[in-house]
Amino acid sequence: MTILVATGLERERRLLADPGVEIVAGGGDPVRLEQTLDGLAAGKAGILSIGIAGGLVPEATVGRWIVATAVVDADRSLPADPAWRDRLAARLPDALQGVVAGVDAIVAERADKAALQRTTGAAAVDMESHVAARVARRHGLPFAVARVVSDPVHRTLPPAARVGMRPDGGMDLPAVLRSLLADPLQLPALIRTGLEAEKAFRALLRGHRLLGRGLAGPDLGELPLDVV
């Protein structure tokens, strides 16, 4: 059986490509992501939200994995599948376990990250996990979340980094350049954001290899660790 995977960017979708998974890149559009996952969920072994995320606690440093115990979706908490969660944590070195907050729009300001952490108790935030959790719950499927921190809690993302994603999950370079032309002083912050994102993508690639075929999911999760 195949694992259904929700991620944000086309780059993540390509990096995570595997015969045992079917991957959807949300592109920052939660409505489209939910509709697509709903249409693909039948017959799947489970749903995994995986990719990069924003850190909400000091321990969520750039490149560190966060394995969710639960996902906060508005005013409710949806627990992750315990067995799948434990397999993910066991295979990802130094993974931090905690709550992940799902949101419909990017949380870019440092103050907003701090406020979200106070209200949810979450260790990280992303734009796909709550959608994946809702779809899994509707279809009676196990779900799990494994995310790599790209921007830490103390970081405010520059404007150019907030407009860089197209609805298909690809990079909108013209929008980034327009933002830079409007405010060239953000260039150092944008470079720093890019370097931190690259560190997170490298960690994502390493983690994908460690998780192996099927991403440690409920159907294939008991395979030996060296099976890839």
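How many residues are part of a helix (DSSP H, G or I) and touching a residue at least 24 places away in the same chain (Cβ under 8 Å) when one looks only at segment 1-28?
Here the count works out to 5.
Counting only residues that are out of contact with any Ser or Thr (no Cβ under 8 Å at 6 or more places or on another chain), assigned to a loop (DSSP other than H, G, I, E, B) and within 18 Å of Ile52 (Cβ to Cβ), how many does segment 108-125 have?
Going through segment 108-125 one residue at a time, the tally reaches 2.
What single numbered condition from (1) within 17 Å of the chain's Cα centre (by Cα); (2) in a helix (DSSP H, G or I); (3) modelled with pLDDT under 95 fails to hold for Lys199?
(3)
Name the single residue that is modelled with the highest pLDDT among those in segment 21-36 being more than 12 Å from the chain's Cα centre (by Cα) and closer than 24 Å to Gln97 by Cβ.
Only one residue fits best here, namely Ile23.
Every residue in segment 71-112 that is buried (at least 16 other Cβ atoms within 10 Å of the Cβ), touching a residue at least 40 places away in the same chain (Cβ under 8 Å) and within 20 Å of Thr61 (Cβ to Cβ), please.
Leu88, Arg91, Leu92, Ala95, Gly98, Val100, Ala101, Ile106, Val107, Ala108
Looking at segment 29-50, which of the residues that are in contact with a Leu (Cβ under 9 Å, 6 or more places away or on another chain) and in contact (Cβ under 8 Å) with a residue 40 or more places away in the chain is surrounded by the most Cβ atoms within 10 Å (Cβ to Cβ)?
Leu48
If I filter segment 136-161 down to residues being surrounded by fewer than 24 Cβ atoms within 10 Å (Cβ to Cβ) and within 16 Å of the chain's Cα centre (by Cα), which single residue comes out as farthest from Arg209 (Cα to Cα)?
In this case the residue turns out to be Val153.
The values are calculated or read from the model by the stated rules, or taken from the named source; none is laboratory data. As the structure is a prediction and not an experimental result, all values here were calculated from the model. Every residue, glycine as well, gets a Cβ built from its backbone with ideal geometry; the counts of neighbours run over all protein chains shown.
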